[in-house]
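Quick notes on the structure that follows.
Bear in mind these aren't lab numbers, they're just calculated from the coordinates by the rules spelled out. If you're wondering where the values come from, they're calculated on a predicted model, not measured in any experiment. Here the Cβ positions follow ideal geometry from the backbone for every residue, glycine too, while neighbour counts run over all protein chains shown.
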Amino acid sequence: MKRWRDRLFRLTATALAGTLLAFLVLPVLALFVTSGPEAWWAGLRHPITLPALLLSLFTTAISLALIVLLGTPLAWWLGRSRTPAAGLVESLVQLPIVIPPAVAGLALLLAFGRLGMFGPLLERTGLALSFSTAAVVLAQVFVAAPFYVQAAAAAFGALDDDLLIVARTLGASRARILFRVALPLARRSLVAGAALAWARALGEFGATLMFAGNLEGRTQTLPLAVYTALESDLRAAQALAVVLVIVALVLLVLLRRGPR
Amino acid sequence: MRHVLALVLTLWPLTTRAEDLTVFAAASLREPFEELGLALEKSTPGLIVRFNFAGSQELRAQIEHGAQADVFASADRKHMAALEKLSLVAGPRIFARNQPVVVVPKGNPASVRAFADLPKARRLVIGAPEVPIGAYTLQILDKAGADFKARVLARVASKELNVRQVLAKVTLGEADAGIVYRTDARSARDKVETVDIPAEQNVVAEYPIAVLRAATQVKAAQAFVDLVLSAEGQKRLAAAGFTAPGT
């Protein structure tokens, strides 16, 4: 009787999980099966593909580096602090996830655009940000950083306090504790968070279009190229999307595999 | 954006009653068409007119994929012709014309006072060649000569995917100038100034309208098309910046 119930439970769980998995995978699969290798090859050779692909790889690499560099200390404070302020700040950090990307782009323009809050200041120092490759990076950091900070803060918060205290009483410096104890213990979550943030940055579209515009070689990333192609040729857009999916898949697998 | 449209398309039958008139119209027609829809509702008791405003190419794709609509008004003869070829529409008629113009932010920071001043703009925003306004922009620049075209294109900071985004970047002051339709310039006249393009260098966008062959509200659909072509319809379109088809 008990074995029967266990089997039923497992069957139900598998069916539920399988339903979601199929729902998530099937549309992406449809991109592949409704086209063929020659279409993907054509997509790869489409004149807008290569500049867009290179720009996407270049900008997301910088964005990810910035996110990890600036996000790790913030996540540490959020994860380890017990003050009420940390809870409030954690909510603030998550706001970019809720804001629709196009609105995020508008917000970036209103802050750093030509007529934005800091626009005149930036213009005087010669740092016209909007419609530049730097704007692409800023848009990506804005929308993607919360995913990394969130994961990293949760991982730092789950660290065993005793281990850190023991390391401290054994005379380890703060930096040594961070690099030799905390980071190795949280490594898996940090990598997962970084992968998620990178994926979000790679797929970023709305904020980029608004804040950085759409110009080949300078601000036209792969998602913008896909959307541009969509206006004229559905098949070309599909082939470009397949390129995007393959690149993302390869890099995500590598990223998760790397530091185990 | 496209996902939203797909969702709207899926839910369309749920929100539309059989006796509603459904009009698919190019985004630039929003203001005058909404007024004309209200006018038709007033003169036809019980009728409800529903609009789906989007880019002509998106509306065409929706109709090709079986979206239920009664009237289609396109900003471009190309998309109407494609539907006519598939026998999805009958007898389209040109009901309005629209012309590209240069818009600059209020105050005109880069002193673009004539079309020939366009290379003065430090930052120029135009439509991508894949969308109608971008294609028209290239045609206009081609007429102006290779040298002028190269100097203008060197100033382009972004190629937007629809005309409203070109307009948005000019109204925000992010671009010193942009090329949009006269109707767009009219709709934002408190934020932008308009600079005409000389007629001999300009192009004309023609807007066709037709009743769909699969229309369920044939009588109401024809009434709407007649209203658009009537003196009243033409008056409203003129107020929005369109020119009449005969001129």
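In the Gaussian network model of chain A, springs joining C-alpha atoms below 10 Å, which of A:Val166, A:Val89, A:Val226 carries the largest mean-square fluctuation?
Residue with maximal mean-square fluctuation among A:Val166, A:Val89, A:Val226: A:Val166.
Compare the Cα positions of A:Gly113, A:Val137, B:Ala177 along the charge dipole of the protein assembly as shown (+1 at Cβ of Lys, Arg; -1 at Cβ of Asp, Glu; about the Cα centre) and return the one farthest towards the positive end.
Looking along the dipole axis, the top candidate is A:Val137.
So in chain B, what percent of DSSP beta bridges are antiparallel if you round to the nearest 5? Let's see the in-between values first.
Numbers: 19 of 34 bridges.
Once the DSSP bridges in chain B are tallied, antiparallel ones form about 55 percent.
Any chance you could tell me what percent of the C-alpha pair distances in the stretch A:152-260 go past 18 Å? The partial results should precede the final answer.
On the way: 3748 of 5886 pairs.
Of all Cα-Cα pairs in the stretch A:152-260, 64 percent lie more than 18 Å apart.
Among the lysines in the stretch B:100-201, how many pairs, 8 or more places apart or on different chains, have alpha carbons under 17 Å apart? Display every interim value, and only then the final one.
Details: B:Lys106/B:Lys120; B:Lys106/B:Lys169; B:Lys106/B:Lys191; B:Lys120/B:Lys149; B:Lys149/B:Lys159; B:Lys159/B:Lys169; B:Lys169/B:Lys191.
Count of close lysine pairs: 7.
Got the relative contact order for the stretch B:100-201 handy, in percent, Cα pairs under 8 Å and 6 or more residues apart? Intermediate values should be presented prior to the final figure.
Working: 196 pairs, mean separation 47.7, N = 102.
Computed value for the stretch B:100-201: 47 percent relative contact order.
List the trypsin sites (Lys or Arg not before Pro) within the stretch A:1-104 that fall in a DSSP loop (any state other than H, G, I, E or B) and whose Cβ has at most 13 other Cβ atoms within 10 Å.
Details: sites: A:Lys2, A:Arg3, A:Arg5, A:Arg7, A:Arg10, A:Arg45, A:Arg80, A:Arg82; in loops: A:Arg82.
Passing both the DSSP loop test and the Cβ count: A:Arg82.
What residue among A:Leu163, A:Leu24, A:Leu109 has the largest mean-square fluctuation in a Gaussian network model of chain A, using Cα springs under 10 Å?
The residue with the greatest mean-square fluctuation here is A:Leu24.
Using the Karplus curve 6.51 cos²θ - 1.76 cosθ + 1.60 with θ = phi - 60°, what ³J(HN,Hα) values do you get for each residue of the stretch A:201-210, in whole Hz, with x for Gly and Pro?
5, 5, x, 4, 9, x, 5, 4, 4, 6
What residues have an amide H closer than 5 Å to that of B:Asn52, excluding those fewer than 5 places away on the same chain, when H is modeled at 1.01 Å from N in the peptide plane?
Close amide H contacts, sequence-distant or interchain: B:Val23, B:Phe24, B:Ala25.
Taking chain B as the reference, fit the longest principal axis to its C-alpha atoms, fit the long axis of helix B:218-229 to the helix C-alpha atoms, and give the angle between the two in degrees, 0 to 90, nearest 10.
30
Quick one: what are the phi-derived ³J(HN,Hα) couplings along the stretch B:111-117, Karplus 6.51/-1.76/1.60 with θ = phi - 60°, whole Hz, x for glycine and proline?
6, 8, 9, 9, 4, 5, 7
Could you derive backbone 3J(HN,Hα) for the stretch A:18-31 from the dihedral phi with the Karplus parameters 6.51, -1.76 and 1.60 (θ = phi - 60°), listing whole Hz in sequence and x where the residue is Gly or Pro?
x, 4, 5, 4, 4, 4, 6, 8, 4, x, 5, 4, 4, 4
Taking a ≥ b ≥ c as the square roots of the Cα gyration tensor eigenvalues, with a/c under 1.5 meaning rounded and otherwise prolate when a/b beats b/c, else oblate, which class fits the stretch B:197-240?
Values: a/c = 5.04, a/b = 1.96, b/c = 2.57.
Judged from the Cα gyration tensor, the stretch B:197-240 comes out oblate (a/c at least 1.5, b/c at or above a/b).
What Rg and what Dmax come out for the stretch A:35-257 when only alpha-carbon atoms are used, in angstroms?
Cα radius of gyration and Dmax of the stretch A:35-257 are 20.0, 66 Å respectively.
So for the stretch B:101-152, averaging the separation of alpha carbon pairs under 8 Å that are six or more residues apart and normalising by length, what relative contact order in percent results?
RCO, the stretch B:101-152: 23 percent.
Report the equivalent ellipsoid semi-axes for the protein assembly as shown in whole Å, largest first, defined as the square roots of five times the eigenvalues of the gyration tensor built from alpha carbon atoms. If you can, show how the numbers build up before the last one.
Numbers: eigenvalues 451, 195, 90 Å².
After scaling each eigenvalue by five and taking roots: 47, 31, 21 Å.
For the stretch B:100-201, what is the percent of antiparallel DSSP beta bridges, rounded to the nearest 5?
55
Based on the alpha carbons, how large is the Rg to Rh ratio for the stretch B:100-201 when Rh follows Kirkwood?
Values: Rg = 11.8 Å, Rh = 12.9 Å.
Dividing the radius of gyration by the Kirkwood radius yields 0.91.
To test your reading of the geometry: what angle, between 0 and 90 degrees and rounded to tens, separates the Cα axis of helix B:132-143 from the longest principal axis of chain B?
Approximately 40 degrees, to the nearest 10.
Find how much the distance from B:Val203 to B:Ala239 grows on full extension, using 0.36 nm per residue of separation minus their present alpha carbon separation; answer in nm with one decimal.
That pair, B:Val203 and B:Ala239, stretches by 10.9 nm at full extension.
Choose one of A:Gly171, A:Ala182, A:Ile99: the residue whose Cα lies farthest towards the positive end of the charge dipole of chain A (beta-carbon charges +1 Lys, Arg; -1 Asp, Glu; about the Cα centre).
A:Gly171
Take the Cβ-Cβ distance between B:Arg122 and A:Arg168 as r, set R0 to 45 Å, and report the resulting FRET efficiency rounded to the nearest 0.05.
Numbers: r = 57 Å, r/R0 = 1.26.
That pair, B:Arg122 with A:Arg168, gives E of 0.20.
I'm checking a number: the convex hull volume of the Cα atoms of chain B, normalised per residue, in Å³. What is it?
Values: hull volume 30.7 nm³, N = 247.
Spelled out: Cα convex hull of chain B, divided by residues, is 124 Å³.
How much length is gained on full extension from A:Arg3 to A:Leu115, taking 0.36 nm per residue of separation minus their Cα-Cα distance?
On the way: separation 112, 0.36 × 112 = 40.32 nm, distance 6.89 nm.
Computed gain between A:Arg3 and A:Leu115 is 33.4 nm.
Take A:Ile62 and B:Arg213, extend 7 Å from each Cα along the Cα→Cβ direction, and tell me the distance between the two endpoints in nm.
5.4
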